[in-house]
Amino acid sequence: MSQTVLVTGGAGYIGSHACKALRAAGYTPVTFDNLSTGWEDAVKFGPFEKGDLLDRARLDEIFAKHKPVAVMHFAAYSQVGESMQDPAKYWRNNVIGSLTLIEATVAAGCKNFVFSSTCATYGDQDNVVLNEDSVQLPINSYGASKRAIEDILDNFGDAFGLNHVIFRYFNVAGSDPETEVGEFHQPETHLIPLMLDAIAGKRDALTIFGTDYDTPDGTCIRDYVHVCDLVDAHVLGLKWLEEGKGSRVFNLGTGKGFSVREVVDQSRAVTNKEVPYVEGDRRPGDCTKLVSGSERAMNELGWEPHRSNLKQMIADAWAWHQIGHYEK
Ligand code: UFG
C-alpha cells in the first residue's frame with residue numbers, strides 16, 4: 001500500500017500540482033483544505049478532507065484516520081497587497097493555523113514536514129542575488145507571517161525532533177502541461193494570469209504597478225519558476241527527509257530575473273496578441289527585485305528545473321487559460 005502524505009492546501013494552485021507529483025511518485029496525497037481559496041474540482045489525485053487549520057480536533061481526526069508519513073503544508077493566504085491591509089488575517093490563519101498544524105503533527109508522531117515559504121521573507125535587498133543564508137527582513141505582513149512559521153519549525157525541530165524542509169519560493173508561474181490542474185484564483189492578483197485575462201478580453205487592461213523603480217526599465221524584477229519544477233523539488237524534499245538527512249532550507253527560483261515589461265513582451269510573443277496595459281502607481285509592499293540563488297537545491301537535492309523558462313511558463317499558462325477554470 002502506498003504511503004500517505006497530508007497536503008494542506010491541496011485544492012489550491014501549488015498544492016494541486018504537488019498532489020499530482022506525489023501521486024506520480026507513488027504516494028497517496030490526502031488533501032486538507034477549507035476551500036476558502038481552493039477548489040474541490042482541483043482535488044484529483046487522492047482523498048479530500050475538508051477542514052480548517054485552526055480546528056485542532058479535526059486535524060487530530062485526520063492524522064488518526066490517514067496516518068501520513070509526512071505533511072506538505074501549502075495552505076495559507078498569500079497576497080502581498082492584502083497582507084498590508086489586513087495583517088490579522090495573515091497572522092491568524094498563516095501563523096496560528098500553522099502552529100496548530102505543527103502541534104498536531106508532533107502529537108501524531110509524524111516526523112517529516114515540508115513547508116511552503118517565500119522569498120518575501122527576505123524583503124527588499126538592493127541588487128543582491130538572495131541565497132538561503134541571506135538575512136530575512138520582510139517588508140510585508142505576508143513575508144513576516146511566513147518567517148514566523150519558519151521560526152516555529154526550527155523551535156519544534158529542536159524540541160521534538162520534527163524534521164523539516166523549508167522551500168522559499170520565488171514567483172511561481174505556469175500550469176500542468178496536461179491541463180489536469182492549473183492556476184485559478186478568485187480574485188486573481190498575479191501578473192501572468194491577469195495579463196492573459198487582459199489579452200483574452202476577459203478583463204480590462206493590465207495595470208503595471210510602478211514604473212519608477214530603480215531597475216533598467218523602471219518596473220519590478222521577479223524570478224519566475226514553473227509550478228511543475230517547484231513541486232518536483234517538494235518530492236525530492238520529502239525523499240531527503242525520509243532518508244534522514246535532517247532539516248534544511250532551500251530557495252526555489254532560477255537565478256534569472258525578469259521585469260514586468262519583459263513579461264509583457266514575452267506574453268505578446270507567446271500569444272501573438274497585443275497586451276492591453278496602462279501604467280499605474282506602485283503597489284504597497286512590493287519589493288524592487290527578488291532573484292534567487294538556487295544552487296543549494298540543485299547541488300544537494302539534485303533538483304533540475306526543466307520548464308522554468310519564461311516562454312514555456314507563459315505558454316503553459318496560456319494553454320490552461322484556454323480551457324481551464326474551476327467552479328465552486
Ligand atoms: N504586477 C503588476 N500588475 C498586476 C499584478 C502584478 O504590475 O496587476 C507586478 C507586481 O507589482 C510585481 C510583479 O508584477 O512586481 C509580480 O506580482 P505578482 O502579484 O504576480 O507576484 P508577487 O511578486 O507580488 O507575489 C508573489 C506571490 C507571493 C510571494 C511573492 C514574492 O504571490 O506569494 O511572489 O515576491 F511571496
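Restricting to the chain, compute how many DSSP beta bridges are antiparallel as a %, nearest 5.
Details: 2 of 39 bridges.
So the antiparallel bridges amount to about 5 percent of the total.
Per residue of the chain, the DSSP helices (runs of n ≥ 4 H) give a summed -39500 (n - 2.57) that works out to -10500 deg cm²/dmol at 222 nm. Per residue, the convex hull spanned by the alpha carbons of the range 177-250 comes to 164 Å³. Each listed q (0.17, 0.22 Å⁻¹) maps to a log10 I(q)/I(0) for the range 1-113, found by the Debye formula over equal Cα scatterers with no solvent: -0.75, -1.20. Mean sequence separation of contacting Cα pairs (under 8 Å, at least six apart), scaled by the length of the chain, corresponds to a relative contact order of 20 percent.
In a DSSP loop and with at most 12 other Cβ atoms within 10 Å, there are no trypsin sites (Lys or Arg not before Pro) in the range 242-279. Extents of the range 256-309, taken as max minus min of Cα coordinates on every principal axis and listed largest first, are 43, 31, 11 Å. Principal semi-axes of the equivalent ellipsoid, √(5λ) from the alpha carbon gyration tensor of the range 30-170, are 26, 18, 14 Å from largest down.
Legend: translational diffusion of the range 193-328 by Stokes-Einstein, Rh = Kirkwood radius over C-alpha pairs, 4 °C, 1.567 mPa s; D = 78 µm²/s.
Contact order for the range 135-225, expressed relative to its length and based on alpha carbon pairs under 8 Å spaced 6+ residues apart, stands at 21 percent. Inter-label distance, ASP133 to ALA159: 2.9 nm, where each label sits 7 Å from its Cα along the C-beta direction. The chymotrypsin sites (Phe, Trp or Tyr not before Pro) of the range 209-312 include none that DSSP puts in a loop with a beta carbon having at most 14 other beta carbons within 10 Å. Translational diffusion of the chain, estimated by Stokes-Einstein from the Kirkwood radius over alpha carbon pairs at 10 °C in a medium of 1.306 mPa s, is 80 µm² per second.
Rounded to the nearest 0.05, what FRET efficiency do HIS190 and ASP55 have when you use their Cβ-Cβ distance and R0 = 41 Å?
0.90
Across the range 110-168, Cα pairs under 8 Å and at least six residues apart give a relative contact order of 51 percent.
Checking every one of the trypsin sites (Lys or Arg not before Pro) in the range 83-173 against DSSP loop status and a limit of 10 other Cβ atoms within 10 Å picks out no site at all. Compared with the direct C-alpha span, the chain from ALA269 to LYS245 gains 4.3 nm at full extension, assuming 0.36 nm per residue. To make sure I understand the rule: partners must be lysines, Cα under 25 Å from the Cα of LYS50, and not fewer than 8 residues away in the same chain. Which ones qualify? Within reach: LYS20, LYS65, LYS67, LYS89, LYS111, LYS146, LYS328.
Where a number appears in this text, it was derived from the coordinates with a stated rule and is not lab data. Bear in mind that the values here come from a model prediction, so they are computed numbers and not experimental data. No Cβ is skipped: glycine too gets one built from the backbone with ideal geometry, and neighbour counts run over all protein chains shown.
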